[in-house]
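Here is the structure we will look at.
FYI, it's all coordinate maths here, none of it is from the lab. It should be emphasised that the depicted structure is a prediction, and the values quoted were computed from it without experimental measurement. When we count neighbours, we look across all protein chains shown, and the Cβ atoms used for this are built from the backbone with ideal geometry, even at glycine.
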Amino acid sequence: MAQIKCPHCGHPISDKAPKCIYCGANVIKMQKCEDCGFEYPEKGEACPACGCPSKKKHTYSSEKEREVENFLLSERHKFPVSRFGEIRSWMMTLNDKQIDMLYKLDYKDTTIMLLVSIFVGYLGVDRFLLGDIKNGLFKLCLFLCSFLIIPGIIALVWWIMDIFKIGNLTKEYNYNEMRKSAVIINEGW
């Protein structure tokens, strides 16, 4: 472990230290993750907190690795960030044709699903679009019985809760659709 001088105060510090212990200034250049806001060293390939790939230009060990990172960057708002590591490692096992098939899948957009949830979510349409038929029918039945006080209150609370949860529900739906397609892709269809 070598020592360097802090560029701000001049005190000797470790070359591995992210901040100066004397003045608190950043010694290592940091970058902020666009998804979760976590600060990590600029040299990092991906955010250690959520797995989101870094936008900085870096060299890839293979063309496939570059393609996988491009996919994750372009589609990152459609999947749960907690699943990025799993998606990355799974995609590295695919060939170019299979990766191209992933681009062609029809992923639900979180903004559109939010609008659907706000305007017609009380009818269960948002749940129907996410393939959750049972809860969609239940929301619809609650709405139809909402002239009664208790079902009406339950329907209203559920509708409001789904407005706040629809982004995460949509990302999980997209992830599950990708997993279902994985079976088809791996079988060589």
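Tally Lys and Arg at +1 and Asp and Glu at -1 over the other residues with C-beta under 14 Å from the C-beta of Lys139: what net charge comes out?
Values: positive: Arg127, Lys134, Lys165; negative: Asp126, Asp132, Asp162.
Net charge in that neighbourhood comes out at 0.
Given Cβ point charges of +1 (Lys, Arg) and -1 (Asp, Glu) and nothing else, what value in debye, to the nearest 20, does the dipole of segment 110-186 about its Cα centre take?
So the dipole magnitude of segment 110-186 works out to roughly 120 debye.
Taking the chain as the reference, fit the longest principal axis to its C-alpha atoms, fit the long axis of helix 149-186 to the helix C-alpha atoms, and give the angle between the two in degrees, 0 to 90, nearest 10.
Tilt relative to the chain: about 60 degrees.
So which residue, out of Ile154, Ile13, Ile28, gets the largest mean-square fluctuation from a GNM of the chain using Cα contacts under 10 Å as springs?
Ile13
Which of Asp35, Asp100, Asp162 comes first, and how do the rest follow, when ranked by fewest Cβ neighbours within 10 Å?
Asp100, Asp35, Asp162
A 30 angstrom limit on the alpha carbon distance is what I want to check against. Which of Lys97/Lys139; Lys64/Lys165; Lys5/Lys32 exceed it?
Lys97/Lys139; Lys64/Lys165
Starting from the 7 Å offset along Cα-to-Cβ, what nm value, one decimal, do you get for the label separation of Met30 and Ser74?
3.3
With N residues in the chain, what two-decimal value do you get for its Cα radius of gyration over 2.2 N^0.38 Å?
1.42
Local charge sum around Ile28 (other residues, Cβ-Cβ under 12 Å, Lys/Arg +1, Asp/Glu -1)?
Taking every other residue near Ile28 into account, the sum is +1.
Across the Cα atoms of segment 46-104, what radius of gyration and what greatest pairwise Cα-Cα distance (Dmax) are found, in Å?
In Å, with Rg to one decimal and Dmax whole: 10.9, 31.
List the relative contact order of the chain as a percent without decimals, with contacts defined as Cα pairs under 8 Å and 6+ residues apart.
Answer for the chain is 14 percent.
Would you mind counting up the charge near Thr110? Only other residues with Cβ under 12 Å from its Cβ, with Lys and Arg at +1 and Asp and Glu at -1. Don't jump to the answer; show the numbers that get you there.
Values: positive: Arg76, Lys78, Lys108, Lys165, Lys171; negative: Glu75, Asp109, Asp126, Glu172.
Computed value for this residue: +1.
For segment 1-112, what is the per residue volume of the convex hull drawn over the alpha-carbon atoms, in cubic angstrom?
Values: hull volume 14.4 nm³, N = 112.
Dividing the Cα hull volume of segment 1-112 by its residues yields 128 Å³.
Okay, helix-only estimate at 222 nm for the chain: each DSSP H run of n ≥ 4 adds -39500 (n - 2.57), divide by all residues, round to 500 deg cm²/dmol; what do you get?
-16000 deg cm²/dmol
Which residues' amide hydrogens lie under 5 Å from the amide hydrogen of Gln31, considering only partners 5 or more residues apart or on another chain, with H built in the peptide plane?
Tyr40, Glu42
With springs only between Cα atoms under 10 Å apart, run a GNM on the chain and tell me which of Ala46, Ala155, Ala17 wobbles the most.
It is Ala17.
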